[in-house]
1. If R0 is 51 Å, what FRET efficiency do you get for Glu129 and Met5 from their C-beta distance, rounded to 0.05?
2. Taking only Cα atoms of region 240-316, what ratio of Rg to Rh do you get with Rh as the Kirkwood inverse-distance radius?
3. Determine, at each q value in 0.08, 0.10, 0.11 (inverse angstroms), the log₁₀ of I(q)/I(0) that the Debye formula gives when each Cα of region 42-276 is one equal point scatterer.
4. If the convex hull of the alpha-carbon atoms of region 158-219 is projected onto planes in all directions, what is the mean projected area in square nanometres?
5. Given 0.36 nm per residue, what is the gain on full extension from Glu26 to Asp146 after removing their alpha carbon distance, in nm?
6. First select every other residue whose beta carbon is under 14 angstrom from the beta carbon of Lys427; then total the charges, Lys and Arg +1, Asp and Glu -1.
7. What is the calculated FRET efficiency for Gln64 to Glu42, with r their C-beta to C-beta distance and R₀ = 41 Å, to the nearest 0.05?
8. Name the most mobile residue of Gly219, Gly134, Gly303, meaning the one with the largest mean-square fluctuation, in a Gaussian network model of the chain with Cα contacts below 10 Å.
Amino acid sequence: MASKMPPEVQRIVDLTAKHNKWRKKETLNMIASENVTSPIVELVYLSDAMHRYAEGMPFKRYYQGTKYIDELEVYCNELMSKLFGAKYVDCRPTSGTLANATVFHVLGKNGDTSCIVPLPGGGHVSHSEYGIMGALGIKPVPLAFDEEAFNIDVDLSRKIINEVKPKFIVLGASVIIFPHPVKEIKEIAQEVDAPVIFDAAHVLGLIAGKVYPDPFKDGADVVTSSTHKTFPGPQGGVIMTNREDIYKKVKRKVFPVFVSNHHLHRLAATAMTAVEMMYFGEEYARQVVRNAKKLAEELHARGFKVLGEGYGFTETHQVLVDVREQGGGAYSAERLEEANIIVNKNMLPWDTPDMIKNPSGLRIGVQELTRIGMREDEMIQVAQFFEKVLIKKEDPAEVRKEVVEFRKNFQEVHYTFKVDTRELADKLSLGV
Ligand SMILES: *Cc1c(COP(=O)(O)O)cnc(C)c1O
């Protein structure tokens, strides 16, 4: 088709095709906040719903033409509710940040104080003074962080919480190798009557797969999340709670404050991902953590400084490596990219602000490699690639050839329902 088309069309198709071929078929995608959707999720995502409007709540919309979208939204919420044991679910926030924004806005106001995981301890920018928390005028006070254990220091945090008396407390983070102490913090929070929000963006899929502690069981009042990290859905956000008082306010803030239309094609795709997690989530999540542990051990054995030593390295999908000796996080991430290994540089707790351009760390996630069928044996191979590029300083372009070859055996998404994609595309009236 391309030859008869104007050059503008060719360029757009070409760039998209190049991206897809590269990241879908040839790279080792190890950004801890990403994942791939399965073909069935991808196909229901490409729905006419992406063109439509449905402001408000299901069956009480400001627009006509939404009867199936209404059913899908209700069903999506029901499935998420069942999967996570939350009575009230709102899938309308179009991102994790907007889920947080809504809940922070409900629980705090300008001039209030909150307690959060410090940024150097992996806290997310939306919890911080630089993000939505700051924009809402709520002052975030960091809890105490134990760098060695890479976790919240409960005893020191108790003092902070009792002193600050925050309006609410946010746990959960973007760099998280061990479960945060939701239960312990909740006990302290009760003394000052502060609800606890658990931001599950990174670990939602691990919670679904029962390898990460259930935040509701441990006392979280609200769970906010993205729907596209270890939970392998389309990009989006969700708010879940068992507290009717909070939900009633959340419901009135999502729309009209933080979203008007909520990107309706996400609903079927998010619902389908919830179903995948019901059927395959436990197997997937167990393998994710096994792979992370294996990769951490193999990197450590090859001379990398892996965080969490003495604590089993990791209990999540993430592996943290201090690569100062290898040239720093930025340098290392760039060399790895040349070898088709995609990771991101990351600040480690002891980094000073001036190190932001070349921080000490790499944050590595194995959830996507797991989704495409890799297991412990492949983690050995992956660790060898890291060693070749960063320790043996082999030419990344040479390593890239090996990576592309290795990746050829892992082209399909596992932990999903096998479908005839052409037949399904037909049924969904796609491409016509
Ligand atoms: C990724 C992340 C978010 C933000 O999610 P988006 O969907 O990118 O807006 C919020 N909190 C934490 C802890 C995250 O890691």
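The values are calculated or read from the model by the stated rules, or taken from the named source; none is laboratory data. Note that the structure is predicted; figures quoted are calculated from it, not measured. Backbone-built Cβ (ideal geometry, glycine too); neighbour counts: all protein chains shown. Just so you know, the surface numbers come from the protein's heavy atoms only, side chains and all, with ligands and any DNA or RNA stripped out. Shrake-Rupley method; radii C 1.70, N 1.55, O 1.52, S 1.80 Å.
1. Calculated transfer efficiency: 0.55.
2. 1.21
3. -0.28, -0.43, -0.52
4. Approximately 4.1 nm², given one-decimal rounding.
5. Result: 39.4 nm gained on full extension.
6. -3
7. Working: r = 29 Å, r/R0 = 0.70.
After rounding, the FRET efficiency stands at 0.90.
8. Residue with maximal mean-square fluctuation among Gly219, Gly134, Gly303: Gly303.
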